[in-house]
Amino acid sequence: MILYFSATGNSRYAAQCLAAALNDRAVSIIGSDGKTTLRRGERLGIVTPTYAWELPEPVRKFLKNAQFTAEGENYVFSVSTYGTTPGASGAEIRHLLKQKGVRVNALYSIRFPDTWTPMFDLRNAERNARINERAESAIDRVAAQIQVETRGNHMQWPAPYFVRLFSHPSYEAMRRTAHFHVEESCIGCGLCAKNCPEQAIRMQAGKPVWVKEKCAACLGCLHRCPKFAIQYGEKTKHHGQYLHPAVHETIKKK
């Protein structure tokens with residue numbers, strides 16, 4: 001089983017491709033009851049984005065509350081998708097699962113376009129395509145390593161767990177929903193509220209309103225908005241939107 005969290009589709013795509021290559025199944029943690037039962041010899045994978053050098057809050061909460069039951073020895077791995085660095089995300093997964101009595105055998109990482117548009121400009125479609133093309137090769141390489149149950153840390157530019165002492169205050173500041181605002185172009189479709197992993201958005205008088213002080217800072221609401229009406233700070237309006245091409249095609253067909 002491959003469990004994943006994804007806001008803009010990068011991690012979902014990686015999880016689904018790995019599942020197809022390994023004859024496995026990819027399951028979103030959103031809506032999951034957190035109870036995972038593994039057959040003898042079944043693999044367990046965690047695929048997650050990296051936010052501010054660490055795990056997204058929904059992944060952290062899921063792993064803290066999860067219940068894992070196994071019939072015997074299992075190969076356990078994690079894959080961190082990232083834009084600049086996977087940071088301490090792998091180390092944090094290893095730390096949290098150890099508290100559950102689960103030993104992580106291998107850590108991997110795959111680079112995709114960085115979707116944190118308060119900082120990164122995603123308007124260059126050709127550059128995004130080149131990064132996604134390289135990600136395809138990385139997915140194949142990781143799948144081959146998982147297939148033979150390679151052990152060890154195979155992440156690019158990983159950071160140790162203690163880095164969270166510095167990254168976590170930054171992430172907590174990023175999560176403040178006061179950074180968001182809605183432009184007049186909003187059509188009140190409600191997709192933002194429907195897809196928010198932290199249920200931080202409600203529709204009021206046909207407009208999204210953030211009803212929690214903090215969210216996941218995944219920017220799924222911003223990137224999925226059909227009118228690009230949701231902004232975070234002052235720079236996102238000029239940095240564009242992004243969904244992984246496979247996710248974008250799925251949405252267009254609906």
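The values are calculated or read from the model by the stated rules, or taken from the named source; none is laboratory data. What you see is a predicted model, and the numbers here were worked out from it, not measured in a lab. Here Cβ is always computed from backbone atoms with ideal geometry, including for glycine, and neighbour counts include all displayed protein chains. For accessibility, only protein heavy atoms count, side chains too; no ligands or nucleic acids. Shrake-Rupley method; radii C 1.70, N 1.55, O 1.52, S 1.80 Å.
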The condition from (1) within 22 Å of Ala216 (Cβ to Cβ); (2) of a type outside the set (Phe, Trp, Tyr); (3) in a helix (DSSP H, G or I) that Pro118 misses is numbered (3)
Being touching a residue at least 12 places away in the same chain (Cβ under 8 Å), over 16 Å from His244 (Cβ atoms) and of a type in the set (D, E, K, R) is the requirement here; does Arg141 meet it? no
When restricted to Arg123, Arg103, the only residue in contact (Cβ under 8 Å) with a residue 40 or more places away in the chain, surrounded by fewer than 19 Cβ atoms within 10 Å (Cβ to Cβ) and part of a loop (DSSP other than H, G, I, E, B) is Arg123
For segment 35-87, the count of residues that are of a type in the set (Gly, Ala, Ser) and over 14 Å from the mean Cα position of the chain (by Cα) equals 4
Subset of segment 33-50, residues surrounded by 13 or more Cβ atoms within 10 Å (Cβ to Cβ) and either more than 23 Å from Gln147 (Cβ to Cβ) or modelled with pLDDT under 95 (or both), comes to Gly34, Thr36, Leu38, Glu42, Pro49, Thr50
Quick one: would you say Pro226 is of a type outside the set (Gly, Ala, Ser), crowded, with 18+ Cβ neighbours inside 10 Å and either modelled with pLDDT of 95 or more or in contact with a strand residue (DSSP E or B) (Cβ under 6 Å, 6 or more places away or on another chain) (or both)?
no
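Answer yes or no as to whether Tyr232 is within 18 Å of the chain's Cα centre (by Cα) and either farther than 18 Å from Phe112 by Cα or aromatic (Phe, Trp, Tyr) (or both).
When the stated conditions are applied, Tyr232 does not pass them.
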Among (1) open to solvent by 80 Å² or more (accessible area, probe 1.4 Å); (2) touching a strand residue (DSSP E or B) at 6+ places or on another chain (Cβ under 8 Å), Glu184 falls short only on (2)
The condition from (1) open to solvent by 20 Å² or more (accessible area, probe 1.4 Å); (2) within 22 Å of Ile30 (Cα to Cα); (3) of a type outside the set (A, V, I, L, M, F, W, C) that Gly190 misses is numbered (1)
So for segment 234-241 (the condition being over 24 Å from Glu54 (Cα atoms), open to solvent by less than 80 Å² (accessible area, probe 1.4 Å), in contact with a strand residue (DSSP E or B) (Cβ under 6 Å, 6 or more places away or on another chain) and at pLDDT 95 or above), does at least one residue qualify? no
Glu149: passes all of (1) open to solvent by 60 Å² or more (accessible area, probe 1.4 Å); (2) part of a loop (DSSP other than H, G, I, E, B); (3) over 30 Å from Asn105 (Cα atoms) but (3)
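For segment 31-85, please list each of the strands (runs of 3 or more DSSP E) lying entirely inside it that holds at least 2 residues being in contact (Cβ under 8 Å) with a residue 60 or more places away in the chain. Walk me through it before giving the result.
On the way: elements: 35-38, 44-49, 67-70, 76-82.
Output list reads 44-49, 76-82.
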Scanning segment 169-181 residue by residue, the ones that are touching a residue at least 12 places away in the same chain (Cβ under 8 Å) and either open to solvent by less than 70 Å² (accessible area, probe 1.4 Å) or more than 19 Å from Gln199 (Cβ to Cβ) (or both) total 8
Residue pairs within 6 Å by beta carbon, gap of at least six or interchain, first lying in segment 189-213 and within 12 Å of Cys225 (Cα to Cα), second surrounded by fewer than 21 Cβ atoms within 10 Å (Cβ to Cβ), listed first then second, are Gly190/Met203; Ala193/Arg202; Ala193/Met203; Pro208/Val182; Pro208/Ala193
